[in-house]
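Asker: Dropping a structure here in structure tokens format, bear with me for questions.
The values are calculated or read from the model by the stated rules, or taken from the named source; none is laboratory data. All figures in this text were calculated on a predicted structure; none of them were measured in a lab. Cβ coordinates were reconstructed from backbone atoms using ideal geometry, including for glycine residues, and neighbour counts include every protein chain displayed.
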Amino acid sequence: MSTDLHVHSKHSDGKFTVEEILAEAKTREIRSISITDHDSIVCQANAAFVAKEKGIRYFFGVELNVTFSAPRFREGKPFSLDFLGYQFNPENEALKKKLQLIAQYRQERAAKILENLNKEFGKVGIEGLTKDDLSAIEASVDGVIGRPHIADYLVKKNIVKNRQEAFDRYLVKCDVPKYPLYLREASNLIRGAGGKLILAHPNDPNGTSLVLLTRSLHEQTEIIQGFMFPHIDGVECWHSRNDSTTTHHYLKFAKEHNLVMTGGSDCHQKPVIMGTVQIPDWVADQFKL
């Protein structure tokens, strides 16, 4: 049995629709899957329905961006970490209302990012983006808007060649702070909806992870133990950008502390890497359907 509990759809920054993801999952003989869109659960009911039709075991999922700080690192300055929520009730009102608020904030943030972009464009003689451009970006999004959608629009406008160039040249320097969702609140939301909260890709060298604080795996798990234990239920031990040392370290840590162990490809569909991370069958069995 193949398991992938970390996949993104067009409702956040993935390229495939829910139907395309689950069709591909069927082709790849993936038997357990979760679509974990960023700050969005709008596709969950549909995903569960389509998965059932295809004979795939589906787990409700979401990836929350959380504001976190550890006093001994980075002078205690806050930064972003990602946490995965699983098997919550997607109809929970508190969770739905908070994610609707975050979605509204994301729209406001996108408008401010465009203002910052226009300042940079003005320095090099590039025509600024307008309200019509913002509307066009919003129209391209099936769920919550984020910087990847703006990056894709800059590619479409021939301002940059690809998404990476958009970030390197403009979107990092033109960024606006994300919604300040703190770990305690994120935990209360997911657990209050009957789910479990999992620290995502803790040692991801290219993503939102504890690498921003330290590359020492020992120090990373000290941070988790010292600042996260009251609020989390598990750790993502398998990930497409893990090396074997990282996976082994986090499996050992999770087993020692009786934490839920999850894993996934973090597939955004370009390239399609669903099901390529070797995750044992028992991982999905930790969650009751």
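Asker: Can you tell me which residue in the stretch 234-289 is farthest from Asp37 (Cα to Cα), limited to those that are among the acidic types (Asp, Glu) and crowded, with 20+ Cβ neighbours inside 10 Å?
Answerer: Glu236
Here's the yes/no breakdown for (1) among the aromatic types (Phe, Trp, Tyr); (2) over 21 Å from Phe68 (Cα atoms); (3) at pLDDT below 95; (4) not in a helix (DSSP H, G or I):
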| site | (1), (2), (3), (4) |
| --- | --- |
| Asn188 | no, no, no, no |
| Ile198 | no, no, no, yes |
| Gln225 | no, no, no, no |
| Val235 | no, no, no, yes |
| Trp238 | yes, yes, no, yes |
| Thr245 | no, yes, no, no |
| Met261 | no, yes, no, yes |
| Ile273 | no, yes, no, yes |
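Asker: List, please: which pairs have Cβ atoms under 8 Å, are six or more places apart or on different chains, and start with a residue in the stretch 273-289 that is more than 18 Å from Gln87 (Cβ to Cβ) and end with one that is charged (D, E, K, R) and not in a loop (DSSP other than H, G, I, E, B)?
Answerer: Met274/Asp4; Met274/Glu24; Gly275/Asp4; Val277/Asp4
Quick grid of which residues meet (1) in contact with a His (Cβ under 6 Å, 6 or more places away or on another chain); (2) within 24 Å of Ser12 (Cβ to Cβ); (3) among the aromatic types (Phe, Trp, Tyr); (4) surrounded by 16 or more Cβ atoms within 10 Å (Cβ to Cβ):
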position: Lys97; (1), (2), (3), (4): no, yes, no, no
position: Gln100; (1), (2), (3), (4): no, yes, no, no
position: Tyr105; (1), (2), (3), (4): no, yes, yes, yes
position: Ala110; (1), (2), (3), (4): no, yes, no, yes
position: Leu117; (1), (2), (3), (4): no, yes, no, yes
position: Gly122; (1), (2), (3), (4): no, no, no, no
position: Ile126; (1), (2), (3), (4): no, no, no, no
position: Thr130; (1), (2), (3), (4): no, no, no, no
position: Ile137; (1), (2), (3), (4): yes, yes, no, yes
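Asker: Do we find a residue being free of Cβ contacts under 8 Å to residues at least 24 places away in the same chain and touching a Leu at 6+ places or on another chain (Cβ under 8 Å) anywhere in the stretch 90-113?
Answerer: yes
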